[in-house]
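Below you'll find the structure, written out as structure tokens, and then a few comments.
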Amino acid sequence: MEKEIVNSISNLPESKHLYEDVCHIIDDTRTRVAVYVNSEVCMTNWRIGTRIKEDVLYNKRAEYGKQVIKNLSLQLTERYGKGWSEKTLRHCLRSAETFSEADILSAVRRQFSWTQLKSVMYLSDPLARQFYMQMCYYEHWDTRTLDEKISSQLYERTAISRRPEEVRKATLDVTSEKNMLVPDLVFRSSYFLDVLGLPDSFSEKDLESAIISQMQEFLSEMGTDFAFLARQKRITVDATDYYIDLLFYHRGLRRLVAIDLKLGKFKPEHEGQMRLYLRYLNQNERREGEETPIGLILCSEGNTEHIEYLMLDEQSPIKVAQYYTQLPDKKILAEKLQRAIAIAREHYAEK
């Protein structure tokens, strides 16, 4: 009887509103508590690391630093229980060695978790750290996604990594301050499309069909701000029909992005074809408030120097990249990326 009365009351409109409002209050409070707890964890660990750092520097002995962490861990564990291992304290120390107080406060405001900070604070290149933190915030990566992006050498694959240090720093500073993206942060020299599950032998049509059927996985590799618009977009120039393989819109860049899929290596005629597509889109499809369209030519084979020289042209609306349908060996990929960066450095040194 009581259950029936409860059920009948629950179905009343005013009862449903009460329930929904109370749930909203509870959920909102939990979110604010979680944010507060996370910020306190980050700040506490950084302060602990700063204090350890001061003690180690004061005594000026490397061996002393190892011993003080070990002893401190034992004392804290005895008083507070688990959670204060030597490894944890080393993470705290590393955070203090890597980040300034302003850096930590900025990370806390942007709601970075302690696990995310641990992922980036062991990167040796400060500009790579800045890049991953900026992209993590902008694209809302969780820790697992952040780790995957670092493991896949995303920073080394983007155009920004090819620029001189002062240009990289200025670009990252501006994008962080204005919370905006530029093409150099978005487009890469290589893309991993192993998630599409393509066989060893496939056609451009097979690749296109696989992308369409697994769009979520494709967008995960491309970036979260891409929105799919059309497949085989027909354009007509001088009574001749042409077809753009894939057409996307990038919200952060506010640009149409035309993608052309190619088997084999990049050829100069591919660039001419893409320029035709972009001129048509700029004249007939570009809307008020949008920037000029960008073209991305994806090739199955990489001719490194061709790709790199095109990536070095910051003003070019055409990007070229190699796609992998099978994950490349990390060592081979790293060597290729280092060679590409060397080409870029030689280019800028000659200027």
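The values are calculated or read from the model by the stated rules, or taken from the named source; none is laboratory data. The structure presented is a predicted model; accordingly, all values stated were derived computationally and were not measured. Counting neighbours? That spans all protein chains shown, and the Cβs are built from the backbone with ideal geometry, glycine included.
Here is a check on your reading of the model: is residue 298 part of a strand (DSSP E or B) and in contact (Cβ under 8 Å) with a residue 60 or more places away in the chain?
Numbers: part of a strand (DSSP E or B): yes; in contact (Cβ under 8 Å) with a residue 60 or more places away in the chain: yes.
So residue 298 passes the test.
Look at residue 221 and say whether it is within 20 Å of the chain's Cα centre (by Cα), within 30 Å of residue 326 (Cβ to Cβ) and assigned by TED's automatic domain parsing to the domain that holds residue 273.
Values: within 20 Å of the chain's Cα centre (by Cα): yes; within 30 Å of residue 326 (Cβ to Cβ): yes; assigned by TED's automatic domain parsing to the domain that holds residue 273: yes.
It is true that residue 221 is within 20 Å of the chain's Cα centre (by Cα), within 30 Å of residue 326 (Cβ to Cβ) and assigned by TED's automatic domain parsing to the domain that holds residue 273.
Out of all the residues in the range 135-147, is one or more part of a helix (DSSP H, G or I) and either of a type in the set (Val, Ile, Thr) or in contact with a strand residue (DSSP E or B) (Cβ under 6 Å, 6 or more places away or on another chain) (or both)? Lay out the reasoning, then the answer.
If we filter the range 135-147 for residues that are part of a helix (DSSP H, G or I), which is where we start, we get 135-139, 143-147.
Keeping just the survivors that are either of a type in the set (Val, Ile, Thr) or in contact with a strand residue (DSSP E or B) (Cβ under 6 Å, 6 or more places away or on another chain) (or both) gives 143, 145.
Yes: the range 135-147 contains one or more residues that are part of a helix (DSSP H, G or I) and either of a type in the set (Val, Ile, Thr) or in contact with a strand residue (DSSP E or B) (Cβ under 6 Å, 6 or more places away or on another chain) (or both).
In the range 208-257, how many residues are free of Cβ contacts under 8 Å to residues at least 60 places away in the same chain and not in a strand (DSSP E or B)?
19
Does at least one position in the range 261-281 carry a residue that is in a strand (DSSP E or B) and either at pLDDT 90 or above or not hydroxyl-bearing (Ser, Thr, Tyr) (or both)?
Filtering the range 261-281 down to residues in a strand (DSSP E or B) leaves 261-262.
Keeping just the survivors that are either at pLDDT 90 or above or not hydroxyl-bearing (Ser, Thr, Tyr) (or both) gives 261-262.
The answer is yes; a qualifying residue exists.
Name, by its number, the condition in (1) more than 25 Å from residue 206 (Cβ to Cβ); (2) in a strand (DSSP E or B); (3) of a type outside the set (A, V, I, L, M) that does not hold for residue 314.
The failed condition is (2).
With within 25 Å of residue 76 (Cα to Cα) and among the aliphatic types (A, V, I, L, M) as the only criterion, which of 159, 96, 170 stands out? Can you show your working first?
Numbers: 159 fails: within 25 Å of residue 76 (Cα to Cα); 170 fails: within 25 Å of residue 76 (Cα to Cα).
On inspection, the qualifying residue turns out to be 96.
Looking at 188, 162 in this structure, which one is touching a helix residue (DSSP H, G or I) at 6+ places or on another chain (Cβ under 7 Å), in contact (Cβ under 8 Å) with a residue 24 or more places away in the chain and either farther than 21 Å from residue 227 by Cα or not assigned by TED's automatic domain parsing to the domain that holds residue 333 (or both)? Explain how you work it out, then say what you get.
On the way: 188 fails: either farther than 21 Å from residue 227 by Cα or not assigned by TED's automatic domain parsing to the domain that holds residue 333 (or both).
Residue meeting the stated conditions: 162.
Which numbered condition trips up residue 199, out of (1) outside any helix (DSSP H, G or I); (2) in contact (Cβ under 8 Å) with a residue 24 or more places away in the chain?
If we test residue 199 against (1) outside any helix (DSSP H, G or I); (2) in contact (Cβ under 8 Å) with a residue 24 or more places away in the chain, just (2) comes out false.
Keeping to the range 292-305, report how many residues are surrounded by 12 or more Cβ atoms within 10 Å (Cβ to Cβ) and either over 22 Å from residue 186 (Cβ atoms) or at pLDDT below 70 (or both).
The total comes to 2.
Only one of 336, 319, 331 is closer than 28 Å to residue 201 by Cα and loosely packed, with under 14 Cβ neighbours inside 10 Å; which? I'd like the intermediate steps shown before the answer.
Numbers: 336 fails: loosely packed, with under 14 Cβ neighbours inside 10 Å; 319 fails: loosely packed, with under 14 Cβ neighbours inside 10 Å.
Result: 331 is the single residue among 336, 319, 331 that is closer than 28 Å to residue 201 by Cα and loosely packed, with under 14 Cβ neighbours inside 10 Å.
Residue pairs, Cβ under 7 Å, 6 or more apart or interchain, first in the range 312-325 and free of Cβ contacts under 8 Å to residues at least 12 places away in the same chain, second among the aliphatic types (A, V, I, L, M) and buried (at least 17 other Cβ atoms within 10 Å of the Cβ). List them.
From residues that are free of Cβ contacts under 8 Å to residues at least 12 places away in the same chain, the pairs are 316/310.
Which of the residues spanning the range 228-285 are surrounded by fewer than 17 Cβ atoms within 10 Å (Cβ to Cβ) and among the small types (Gly, Ala, Ser)?
230, 239, 264, 272
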